[in-house]
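Reading through the structure tokens given below for one structure.
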Amino acid sequence: MTKLAATASLLLLILSLGWAKLEEKPREKRQSNKLHITLLYESLCPDSRNFMHQLGPVYEEFEEYIDILLVPFGKSQSERNGAIFHCQHGPAECKGNRLQSCVINSTANQAAQVKFVVCQMLAPDYSRIDQCANEAGLLTDVVHCLSSETGTKLQLQAELVTKQYSPSFIPTIVYNGVFDQQLQDHSLRDFRGTVCYMLRQQNLLPSSSTICQ
């Protein structure tokens, strides 16, 4: 198998599992009757933080219609198979991205993932890790993940997914695995409206639903 084919196979595996817990704890299967959203973001990016004000309420409202993959990496880069990470906003962002990966990977519950990420991203610093985890109903050994190979592997997975889309702007919002600049622009301005548009395009809303009216 060529290096390119091997990379493609690994990427397909990662995308099929989502953030599957490395200790044989697979994420719930991604559902075909939902709108799939991939959010590429980074922990200290002002634009990523600003988008969280939209993400929280929109996910809460449309939870039964959307399937979301949160990818905390952005414009970071790795060296020597994860021995070193360089992040757009410095070492603190690398720590934040790793933290996000560890907590996201600790649960298959997307509502809890989103709740933690929004809480943590809008916090003034990292002192609210436990508080945000508790609010999201998560119990996880973040410290072990941060300091172990697990955290490194999760960030390498995040890098692989991010590179698939080669984002020029962070955050980048991808629908159904295909980047579209118009949808990206609309999502940054009106995430809820864009989600409604995509749900209608895919006929994912029952005729009796008034959620987008």
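Amide H contacts of Ile66: Leu35, each under 5 Å away and 5 or more positions distant or on a separate chain (H built 1.01 Å from N in the peptide plane; Pro and chain starts excluded).
Can you tell me the length gained on complete extension of the stretch Asp180 to Asn203, counting 0.36 nm per residue apart and subtracting the Cα distance? Can you show the working numbers first?
Values: separation 23, 0.36 × 23 = 8.28 nm, distance 1.91 nm.
Additional length available on full extension: 6.4 nm.
Report the local net charge at Leu55: Lys and Arg +1, Asp and Glu -1, summed over other residues whose C-beta lies under 15 Å from its C-beta. Walk me through the intermediate numbers first.
Values: positive: Arg49, Lys115, Arg189, Arg192; negative: Glu42, Asp47, Glu60, Glu61, Glu63, Asp67, Asp190.
Local net charge: -3.
Label separation (Arg192 vs Ser147): 4.4 nm, computed from points 7 Å beyond Cα along the C-beta direction. Rounded to the nearest 20, the size of the Cβ-charge dipole of segment 83-160 about its Cα centre is 80 debye, with Lys and Arg at +1 and Asp and Glu at -1. At full extension, Gln213 and Glu60 could sit 53.4 nm farther apart than now, given 0.36 nm per residue minus the alpha carbon distance.
Whenever you get a sec, compute what percent of the accessible area on segment 35-202 sits on carbon and sulfur atoms (1.4 Å probe).
Numbers: 3650 of 7390 Å².
Ligands and nucleic acids excluded, carbon and sulfur give 49 percent.
Measuring only protein heavy atoms, the 1.4 Å probe finds Thr194 accessible over about 10 Å². Highest mean first, the peptides 83-90, 159-166, 42-49 sorted by other C-beta atoms within 10 Å per residue fall in the order 42-49, 159-166, 83-90.
Couplings for segment 192-199, taken from phi via the Karplus curve 6.51 cos²θ - 1.76 cosθ + 1.60 with θ = phi - 60°, read 4, x, 5, 4, 4, 4, 5, 5 Hz in order; Gly and Pro are left as x.
Ordered by 1.4 Å accessible area with all protein chains kept, Arg98, Arg189 run largest first as Arg189, Arg98.
Remark: spin-label model distance Ala111-Asp130 equals 2.6 nm, labels positioned 7 Å along the Cα→Cβ axis.
Per residue, segment 35-202 exposes 44 Å² of accessible surface when a 1.4 Å probe is rolled over the protein heavy atoms with every protein chain present.
What FRET efficiency would be calculated for the residue pair Asn81, Ser168, taking the C-beta separation as r and a Förster radius of 22 Å, to the nearest 0.05? Plugging the Cβ-Cβ distance into 1/(1 + (r/R0)^6) gives 0.30.
The values are calculated or read from the model by the stated rules, or taken from the named source; none is laboratory data. Given the structure is predicted, the values throughout are model-derived calculations rather than measurements. Every residue, glycine among them, receives a Cβ derived from its backbone with ideal geometry; neighbour counts consider all protein chains shown. With ligands, DNA and RNA removed, areas are computed over all heavy atoms of the protein, side chains included. Shrake-Rupley method; radii C 1.70, N 1.55, O 1.52, S 1.80 Å.
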